[in-house]
Amino acid sequence: MRSFQGTLVLAVALALVPRWALAQHEHDHVHLAPEKFGQVHFPTSCNPQVQPVFERGLALLHSFAYVKTAAVFQEVSAKDPGCGMAQWGIAMSYFHAIWGPPTEDEFAAGRAAAQKAAAAGAPSARERDYIAAIGTYYQGEGVAHPSRVVAYEKAMAGVAQRNPDDHEASIFHALAILGVAYNSPPDKTYARQKEAAKILNRLLAVEPEHPGIAHYMIHSFDYPELAELALPAALAYAKIAPSAPHALHMPSHIFTRLGMWKESIDSNLASAQTAQTWVAKTNPGATAFDALHATDYLEYAYLQTGQDAKARELVDRVAKAKSFDIPSFAAAYALAAVPARNALERRAWKEAAALTAQPATFPWAKYPYATAIVHFARAVGGARTGDLETARQAVASLAEIQGTLKGQKGFDWATQVEIQRRAAAGWLARAEKKDAEALALLRSAADLEDSTDKHPVTPGSILPAREQLADLLSELEQPAAALLEYEASLRSAPARFNSYQGAAQAAEHAGKKQESKVFHERLVALCGGSVPARVALASTAAQ
């Protein structure tokens, strides 16, 4: 069996970097031909004839293929009605520790499955442990999702402790730890993420083809300060589970963090195609939410590499999407983000000011943090074109959304929207010739963004706040200060087209010819040697 050699890219405490060794290993695992979702091993007391199907469902679960996971475990239950662990699998498919809380219908279905699992029971204490653990998530009324995740994590810690030789218990515990981290205030020490990675790293040598280890290692290190540590996992995961759309996409989280745009493009093209192939079989004519999610990352990468025509094609394709396999938050975010990124990154301010949330039939009311993206684009576009009424209305909408989100538990969307509001208000102040206020607002937005972490659904801010601060400083004829801010922005959002362009111009105007030349050369290299029309003027200045 092939596995993959990770390279130590940074030295950190606790030796958290995985090593996917190039070696042949003997494993008592199920080979999942012709589809390949990775190798898992989970003994159960269910009918031996359903064991391969059960492990297929488990492998899918580790790649967040939740709908397909539920269907596979339902198949197990139909073939072996007494298999309580099949109902456990169904209950797990409705619990999305990292993505966010389930809908009311999903929660009800998950709770029903957890109750059926408990009623069916299991002959082994280990299996009863798993069933009881997922039961803790669904217990009680009026309990917020973050509190449920904490309860599940504590339960899985006990399962792992009581079953030290059960790798799955430890892997699910690591995922639960990440779930708690994502549902807690930002911790820039990343203590929980490192704890999860330590658990996963310990199992890697004996489970090099396990999809969950590579997948959750990526999530553990999906932060600017840690991203290089996940590169071995990113390079391995798509090869471990190439039949899973999410496995093909997940490496691009790290590729984006590191400015590896070609790799991100390849990853998301494959993911989107695989996702649409899946959905065509079950929901013909619908757009897969996994494909939309990949498209957002793809749009981001095309724009950074100056492939504006391809980026425009994605905008047009997204605009044609009218029905969806799952109208989820990931779908909502991509539907809003793709056209907003395209307009704002290209400085097409009039296009940005004219954006609306589309399609109108989508349940946007469920996802105010997605509609905030549209208001942000409209605010910036309006301010930059002198359409102050549009800008003011959009800034007011952002303030209203931020107010409704404030105090909600789980991921802190209120702060993310507040960052957008401050930045948009800054550009509005600039349009109103209130430059000191504009500068204060954009600096405040940048500092606030630095104190937070992005949600895993997004490749990054629609526009980095610190890059916007640098843009404003350039306009205010403070090129030396602008250059410092561009450089700071590039440390957290590397290899960005507009940061390279802005830094080249700022360095030129600050009299730093050599630095300007370096940034210009990086911009040209980023675009494959051909500078797009949108930076033609900037290019001549840097030469």
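The values are calculated or read from the model by the stated rules, or taken from the named source; none is laboratory data. Bear in mind the structure is a predicted one, so any value in this text is a computation, not a measurement. No Cβ is skipped: glycine too gets one built from the backbone with ideal geometry, and neighbour counts run over all protein chains shown.
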(request) Would you mind stating whether residue 147 is within 25 Å of the chain's Cα centre (by Cα), surrounded by fewer than 19 Cβ atoms within 10 Å (Cβ to Cβ) and of a type in the set (Ser, Thr, Tyr)? (result) yes
(message) When you check residue 156 against the structure, is it buried (at least 22 other Cβ atoms within 10 Å of the Cβ), touching a residue at least 40 places away in the same chain (Cβ under 8 Å), of a type in the set (A, V, I, L, M, F, W, C) and at negative phi, yes or no?
(response) no
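Matching residues to (1) surrounded by 19 or more Cβ atoms within 10 Å (Cβ to Cβ); (2) modelled with pLDDT of 95 or more; (3) touching a Cys at 6+ places or on another chain (Cβ under 7 Å):
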| residue | (1), (2), (3) |
| --- | --- |
| 441 | yes, yes, no |
| 484 | no, yes, no |
| 491 | no, yes, no |
| 496 | yes, yes, no |
| 532 | no, no, no |
| 541 | no, no, no |
(request) Considering each of 227, 247 in turn, give the residue that is under 21 Å from residue 96 (Cβ atoms) and either at pLDDT 95 or above or more than 12 Å from the chain's Cα centre (by Cα) (or both). (result) 247
(message) If I go through the stretch 250-293 residue by residue, how many of them are under 14 Å from the mean Cα position of the chain (by Cα), assigned to a helix (DSSP H, G or I) and aliphatic (A, V, I, L, M)?
(response) 3
(request) Six or more apart or on different chains, Cβ under 7 Å: which pairs go from a residue in the stretch 90-110 that's farther than 16 Å from residue 150 by Cα to one that's of a type in the set (S, T, N, Q) and surrounded by fewer than 21 Cβ atoms within 10 Å (Cβ to Cβ)? Could you list them? (result) 90/74
(message) Checking the conditions here, which among 425, 480, 431 is crowded, with 22+ Cβ neighbours inside 10 Å, out of contact with any Asp or Glu (no Cβ under 6 Å at 6 or more places or on another chain) and among the aliphatic types (A, V, I, L, M)?
(response) 425
(message) Here is a check on your reading of the model: is residue 132 in a helix (DSSP H, G or I), surrounded by 22 or more Cβ atoms within 10 Å (Cβ to Cβ) and either modelled with pLDDT of 95 or more or touching a Cys at 6+ places or on another chain (Cβ under 6 Å) (or both)?
(response) no
(request) Within the stretch 383-397, track down each residue that is under 22 Å from residue 416 (Cβ atoms) and either touching a residue at least 40 places away in the same chain (Cβ under 8 Å) or outside any helix (DSSP H, G or I) (or both). (result) 383, 384, 391
(request) Could you grab the pairs with beta carbons closer than 6 Å, sequence gap of 6+ or different chains, first residue in the stretch 358-378 and farther than 15 Å from residue 390 by Cα and in contact (Cβ under 8 Å) with a residue 12 or more places away in the chain, second one surrounded by fewer than 24 Cβ atoms within 10 Å (Cβ to Cβ) and of a type in the set (Lys, Arg)? (result) 359/322
(request) Working only within the stretch 162-195, note down all residues that are closer than 19 Å to residue 207 by Cβ and among the polar types (S, T, N, Q). (result) 163, 170
(message) Which pairs turn up if I take residues in the stretch 398-427 that are modelled with pLDDT of 95 or more and assigned to a helix (DSSP H, G or I) and look for partners that are polar (S, T, N, Q) and surrounded by 24 or more Cβ atoms within 10 Å (Cβ to Cβ) with beta carbon separation below 7 Å, at least 6 apart in sequence or on another chain?
(response) 398/420; 423/468
(request) Can you tell me which residue within the stretch 95-119, out of those that are among the small types (Gly, Ala, Ser) and modelled with pLDDT under 95, is surrounded by the most Cβ atoms within 10 Å (Cβ to Cβ)? (result) 97
(request) Check whether at least one residue in the stretch 360-368 is among the small types (Gly, Ala, Ser), touching a helix residue (DSSP H, G or I) at 6+ places or on another chain (Cβ under 8 Å) and either farther than 26 Å from residue 184 by Cβ or surrounded by fewer than 23 Cβ atoms within 10 Å (Cβ to Cβ) (or both), and report yes or no. (result) no
(request) State whether the residues of the stretch 106-120 include one that is outside any helix (DSSP H, G or I) and not hydroxyl-bearing (Ser, Thr, Tyr). (result) no
(request) Determine if the stretch 286-305 includes at least one residue that is loosely packed, with under 15 Cβ neighbours inside 10 Å and aliphatic (A, V, I, L, M). (result) no
(request) Could you check, for the stretch 171-184, whether at least one of its residues is farther than 23 Å from residue 95 by Cα and either touching a residue at least 60 places away in the same chain (Cβ under 8 Å) or buried (at least 19 other Cβ atoms within 10 Å of the Cβ) (or both)? (result) no
(request) Please find, among 466, 491, 534, the residue that is assigned to a helix (DSSP H, G or I) and more than 26 Å from residue 418 (Cα to Cα). (result) 534
(request) Could you check residue 347 against (1) under 21 Å from residue 390 (Cα atoms); (2) surrounded by 17 or more Cβ atoms within 10 Å (Cβ to Cβ); (3) touching a residue at least 60 places away in the same chain (Cβ under 8 Å) and say which number it fails? (result) (2)
